[in-house]
Structures are given as structure tokens and as C-alpha cells.
Amino acid sequence: MAKESKKADQGKKSGGKAPEPRPARQRRDISLRPLLRAPAGERLDLGAFDPAATPGCPADKAAGIAATAALAEPLASLQERLYAASTAGDRRRVLLVLQGMDTSGKGGTVKHVIGFLNPAGCRVRSFKAPTPEEHEHPFLWRIRKALPAAGEIGIFDRSHYEDVLVARVRELVSRSQLNRRYAQINRFEQSLADDGVTLVKVFLHISYEEQRERLLKRLDNPDKHWKFSPGDIEDRLLWPEYQHAYELALERCSTGAAPWYVVPANRKWYRNWAVATLLLEHLEELDPRYPEAAFDVEECRRRLLET
């Protein structure tokens, strides 16, 4: 204790800032990342992943909801530190990519997880079918425009992966073009990592039966009709093709710089906890720090007291 007080006094005398104590890490027995990470370069069968599983989480819903709520404070604190560090030239930022079949919970994840964060430090972008202008450019053009700035947390509701998912299922481009796109995506994501972007790519995995139930709930509730499209049924008829397209994307584009995480999403409470935990683990690893004052604190204090 005496040593800590001495260090603090020295900081005041020099006009600088006393060393910032590191926030205590939330105690967790194991990291969630290795439990959910898709194997890099290996053949992947989504049928082997249980969409109702709850790996690494309290087994019941009440405990899971409580555990998710407990992540709010450390997430907000780390986000603030990330943004603060950017004011002193730290270029690091985070990009959360959410992919999944219709009704898998991309929007719900944004609402329940990103709701913990300060919206001023977030950049949320939802990618629909390309506009006529976007069609005139390479497929990554619109993605580059939406990237988070230094200190921000970006959230993509769908992403550049639509261009190897929908494009494959609907046969919008040739197979040779698809193969080139996988390689382009890997090079693009590596360049982002080299530039200080931490990518957190999440596939929200739901079952065929769960999707039917969620679509029926939308049809049965007039307040949810705006979320339904007859095209959802057309896409559902292509479920096997989409599952295969996702398997290929996860196989080809899960890399050391930007791994994919397969999050079981039948249980919404688990989905929220898992994505929040993945985001927290990456932020903790970054460990952004508040920058030291670039001015004489005591001199500014003296001048302020004279006003």
C-alpha cells in the first residue's frame, strides 16, 4: 500500500497521471474461443454441431441471462478504454461480423449485446442485396466504406460473406469467381488484421426446425409481419444449399488472423451470452489503456481554480 501511495504522489508532483490500475478480469474457468472456433482449413460438417448446445455456459436460462448481464460493465469499460486509446494514436479497433440463416438472431444479437456499449463508439451496418451503385464496384468496395475507425467497434449484420453465400446458392457468379473471392476475402481480412483490426466472425447456428418456429411466430404476430418476406420461404427451400455454402465459407476463410466461431443459436439467451463473451475476450486480449495526459495536469488545475 505504501509503495502504491508513493507512486501516486510522484505522479502528482510531476504533473503527470498516476499509473492506471488494471481493471480486475472477470473470473472465468475457461476461454470460450477454443470451444467455438471453427477448425482452420479442415472439412466442416454443420450437422455435427448441435444448435441447442450451451458449451462453456451455465446450463439454465436464468443463470445464462444473469451471466450475460454481468458482462455489461466490463464490456463498456473496455470499449471506453479502446476509444480513449485512439485519441493518443492507437489505431486498434474491433469488427464483429454476424452471419447466419434468416431468423438466426443477427438483429437480436445487436440489440441485446451491442446495447451494452456506448453507441457513440459503435458503427453498425446491415448489408442487403447490392445497390446498382455497389454492383458497379468490386464486391469488397462497400465493405471497405463501412469499416470502423480507430477506437471503434464495428458490427456487420451480414457482410462480405454474402458474396460467397448467396452468390453460390443462386449461381450469381461462376465457381472460378467464387474461388477467387475466397482468396480475396482472406487477403482482405489479413490486411485488416495487419492494420490493427481485430475480427470476431460469428456464425449463428440454428436448426431447420427452429427456423420454422421463428418464421411461424412472425406470421402469427401482426406486429412482426414487417420482419417477414415471402422470399424467406424461398430461401428456406434452399436450406441444404445454404448450409453447404456456409460450410465452404467457414472451411476456406477460417484463418489464424480471422477465425470463425460457430455459436449455437437455438437458445437466444445462450447466443447473447456467447457473443458477448467472445467480444469481451478479444477486448481483454487487446487490453487498451487510458492514455497519459499530454499536458501539465497541476498547471491546468491551478489555472482552473483561478477562474
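The values are calculated or read from the model by the stated rules, or taken from the named source; none is laboratory data. A quick note: this is a predicted structure, and the numbers were derived from the prediction, not measured. Note that we place each Cβ from the backbone using ideal geometry, even for glycine, and neighbour counts take in every protein chain shown.
General observations
- Unmet criterion (only one of (1) surrounded by fewer than 19 Cβ atoms within 10 Å (Cβ to Cβ); (2) touching a residue at least 12 places away in the same chain (Cβ under 8 Å); (3) of a type outside the set (D, E, K, R); (4) within 27 Å of residue 85 (Cβ to Cβ)) for residue 191: (2)
Condition check ((1) under 25 Å from residue 270 (Cα atoms); (2) under 13 Å from the mean Cα position of the chain (by Cα); (3) buried (at least 21 other Cβ atoms within 10 Å of the Cβ)) across all residues:
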{"site": "90", "(1), (2), (3)": "no, no, no"}
{"site": "98", "(1), (2), (3)": "yes, yes, yes"}
{"site": "142", "(1), (2), (3)": "no, no, no"}
{"site": "157", "(1), (2), (3)": "yes, yes, no"}
{"site": "166", "(1), (2), (3)": "no, no, no"}
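- When the helices (runs of 4 or more DSSP H) confined to the stretch 87-156 are screened for residues that are out of contact with any Gly (no Cβ under 7 Å at 6 or more places or on another chain) and hydrophobic (A, V, I, L, M, F, W, C), those reaching at least 2 such residues are found at 106-113, 141-145.
Yes or no, residue by residue, for (1) more than 22 Å from residue 201 (Cβ to Cβ); (2) modelled with pLDDT of 95 or more:
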{"site": "34", "(1), (2)": "no, yes"}
{"site": "41", "(1), (2)": "no, no"}
{"site": "46", "(1), (2)": "no, yes"}
{"site": "59", "(1), (2)": "yes, no"}
{"site": "68", "(1), (2)": "no, yes"}
{"site": "72", "(1), (2)": "yes, yes"}
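- Per the listing 204, 219, 238, 215, the residue uniquely over 23 Å from residue 169 (Cα atoms), at pLDDT 95 or above, surrounded by 11 or more Cβ atoms within 10 Å (Cβ to Cβ) and not basic (Lys, Arg) is 219.
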